[in-house]
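Comments concern the structure below.
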Amino acid sequence: MKSEILRLLKENDTYISGQQLCEQFHVSRTAVWKVIEQLKREGYQIEAVRNKGYRLIDSPDVMSRAEIESLMKTAWAGKNVIYYDEIDSTNNRAKEYGEKGSPHGMLFVADKQVAGKGRRGRSWESPAGSSIYMTILLHPEILPTKAPQLTLVMAMAVADGIQKMTGLETKIKWPNDIVVNGKKICGILTEMSTEIDYINYVVIGVGVNVNQETFPAEIQSTATSLKIELGETVRRSGLIAAVMASFEQYYEVFMKTEDLSGLRDRYNSMLVNLDQEVKVLEPGHEYEAHALGINRTGELIVRTPDGEEKEIYAGEVSVRGVYGYV
Ligand code: ATP
């Protein structure tokens, strides 16, 4: 009921009477009053006027299940939210629910992670109160070999969500980082459980630096946040809903062909590496090449200095700019 009351307050600029809320949710006036008081304690500014009702004046950067669900406009992606103030890693929790067979589209969100993860055992800096850590649980009916492409689908959705919510143009550093002005603003980590020819579940974790103002020394020169770039605070719950809306749309396009045929041009238009010299870091081997964009299965096509074209698979390699991170 809390999410629904919030949604109603958000959708109306005028007052909503207590009576209307009681009738709509079949509850007493006291029950409505209690929800309103709870919302106020969470930081919402709600005006209550006798004989008129309630009106929402301002929603601060609140992260809660009710806030996120009240903003969600999707059919299935992020429709059900499980929210944690603090957790080890949203990917770990999504995997536990995946094992239990929880439904496609369930979204796990945390205000803080104490063991945030990056690719290949790296860690993701996840302080409280400023960023988005979220993981979506999926049960795609595709071959396991195709699942890594969903990382690229999510990267597009994050870039789109940021653009829609804040107007900021970001780029994608192949395959899974979102960058602004050469610095990383978001990382994505996909994990899955499969049989040989069957996916039990896929989880896609997303960490977005939203309102962080400082970073630890090790990543200070390569990390940035929306607040640093825009000079203003961004509401995290709204951004989560915007990313989910884009993800749902892109996912449907992906599932039609079970590859990136329908998304490839758009992905390439967002690619920071497009037509750039990159350094390909393979295990035990490093070389420079010219990036030509992705193919329809998400590999990066590069031309080596001797003119050979190669398709590189994200699983084993990292790509850097020749002079730095991008
Ligand atoms: P690759 O290019 O192979 O993806 P990566 O360094 O981008 O390499 P990820 O797994 O995507 O690897 O992200 C983990 C890395 O990101 C960490 O090793 C650290 O350098 C950096 N990092 C950790 N936390 C943050 C953060 N909050 N914001 C930006 N960068 C971070």
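Of the residues that make up segment 214-222, is at least one open to solvent by less than 10 Å² (accessible area, probe 1.4 Å) and not aliphatic (A, V, I, L, M)? Can you show your working first?
Initially, segment 214-222 is screened for residues open to solvent by less than 10 Å² (accessible area, probe 1.4 Å), giving none.
Checked segment 214-222: no residue is open to solvent by less than 10 Å² (accessible area, probe 1.4 Å) and not aliphatic (A, V, I, L, M).
Scanning segment 151-177 for residues that are in contact with a Phe, Trp or Tyr (Cβ under 7 Å, 6 or more places away or on another chain) and either within 10 Å of Phe247 (Cα to Cα) or without any contact (Cβ under 8 Å) to a residue 24 or more places away in the chain (or both) turns up Val153, Met154, Met156, Ala157.
Taken over segment 213-238, the residue count meeting the criterion of being of a type outside the set (Gly, Ala, Ser), more than 10 Å from the ligand (Cβ to nearest atom) and assigned to a helix (DSSP H, G or I) is 6. Candidates are the residues of segment 203-212 that are assigned to a strand (DSSP E or B) and either polar (S, T, N, Q) or within 12 Å of the ligand (Cβ to nearest atom) (or both); the one that is nearest to Pro140 (Cα to Cα) is Gly205.
Has segment 188-197 got any residue that is modelled with pLDDT under 95, within 12 Å of the ligand (Cβ to nearest atom) and not β-branched (Val, Ile, Thr)?
Kept after step one, since they are modelled with pLDDT under 95, are these residues of segment 188-197: 195-197.
Checking the rest, the ones that are also within 12 Å of the ligand (Cβ to nearest atom) come to none.
Scanning segment 188-197, I find no residue that is modelled with pLDDT under 95, within 12 Å of the ligand (Cβ to nearest atom) and not β-branched (Val, Ile, Thr), so the answer is no.
Hey, does segment 254-274 have a residue that's within 30 Å of Lys79 (Cα to Cα), among the aliphatic types (A, V, I, L, M), open to solvent by 30 Å² or more (accessible area, probe 1.4 Å) and touching a helix residue (DSSP H, G or I) at 6+ places or on another chain (Cβ under 9 Å)? Walk me through how you get there before you give the answer.
Within segment 254-274, the first condition is being within 30 Å of Lys79 (Cα to Cα), and the residues that meet it are 254-271.
Those still in the list that are among the aliphatic types (A, V, I, L, M) too: 255, 260, 263, 270-271.
In the following step, the residues that additionally are open to solvent by 30 Å² or more (accessible area, probe 1.4 Å) were identified as 255.
Okay, now just the ones that are also touching a helix residue (DSSP H, G or I) at 6+ places or on another chain (Cβ under 9 Å), so none.
Checking segment 254-274: not a single residue is within 30 Å of Lys79 (Cα to Cα), among the aliphatic types (A, V, I, L, M), open to solvent by 30 Å² or more (accessible area, probe 1.4 Å) and touching a helix residue (DSSP H, G or I) at 6+ places or on another chain (Cβ under 9 Å).
Taken over segment 296-326, the criterion of being of a type in the set (Ser, Thr, Tyr), away from the ligand (no atom under 12 Å from the Cβ) and surrounded by 11 or more Cβ atoms within 10 Å (Cβ to Cβ) is satisfied by Thr297, Thr304, Tyr313. Restricting segment 1-20 to residues that are part of a loop (DSSP other than H, G, I, E, B) and at pLDDT 90 or above leaves a set whose member that is farthest from Gln45 (Cα to Cα) is Ser17.
Of Ser64, Ser59, Ser70, which residue is at pLDDT below 90 and either open to solvent by 60 Å² or more (accessible area, probe 1.4 Å) or polar (S, T, N, Q) (or both)? Explain how you work it out, then say what you get.
Values: Ser64 fails: at pLDDT below 90; Ser70 fails: at pLDDT below 90.
Being at pLDDT below 90 and either open to solvent by 60 Å² or more (accessible area, probe 1.4 Å) or polar (S, T, N, Q) (or both) holds for just one of Ser64, Ser59, Ser70, which is Ser59.
The strands (runs of 3 or more DSSP E) found wholly in segment 147-202 and carrying at least 3 residues that are open to solvent by 20 Å² or more (accessible area, probe 1.4 Å) and of a type in the set (D, E, K, R) occupy 183-194.
Taken over segment 15-40, the criterion of being farther than 13 Å from Lys2 by Cα and of a type in the set (D, E, K, R) is satisfied by Glu23, Arg29.
Residues are listed down the side, and each one gets a yes or a no for (1) in contact with a Lys or Arg (Cβ under 7 Å, 6 or more places away or on another chain); (2) open to solvent by 50 Å² or more (accessible area, probe 1.4 Å):
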position	(1), (2)
Arg7	no, yes
Cys22	yes, no
His26	no, yes
Thr30	no, yes
Ile36	no, no
Tyr44	no, no
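Of all the listed residues (Lys256, Lys183), the sole one being closer than 25 Å to Gly315 by Cβ and either more than 10 Å from the ligand (Cβ to nearest atom) or aliphatic (A, V, I, L, M) (or both) is Lys256. Pick from segment 119-146 the residues that are open to solvent by 20 Å² or more (accessible area, probe 1.4 Å) and among the small types (Gly, Ala, Ser): which of them is nearest to Ile196 (Cα to Cα)? The residue in question is Gly121.
Among the residues making up segment 80-118, those that are within 16 Å of the ligand (Cβ to nearest atom), more than 23 Å from Thr214 (Cβ to Cβ) and open to solvent by 20 Å² or more (accessible area, probe 1.4 Å) are Asp88, Asn92.
The values are calculated or read from the model by the stated rules, or taken from the named source; none is laboratory data. If you're wondering where the values come from, they're calculated on a predicted model, not measured in any experiment. Ideal geometry is used to build each Cβ from the backbone, glycine not excepted, and the neighbour counts take in all protein chains shown. What goes into the accessible areas is simple: the full protein's heavy atoms, side chains included, and nothing from ligands, DNA or RNA. Shrake-Rupley method; radii C 1.70, N 1.55, O 1.52, S 1.80 Å.
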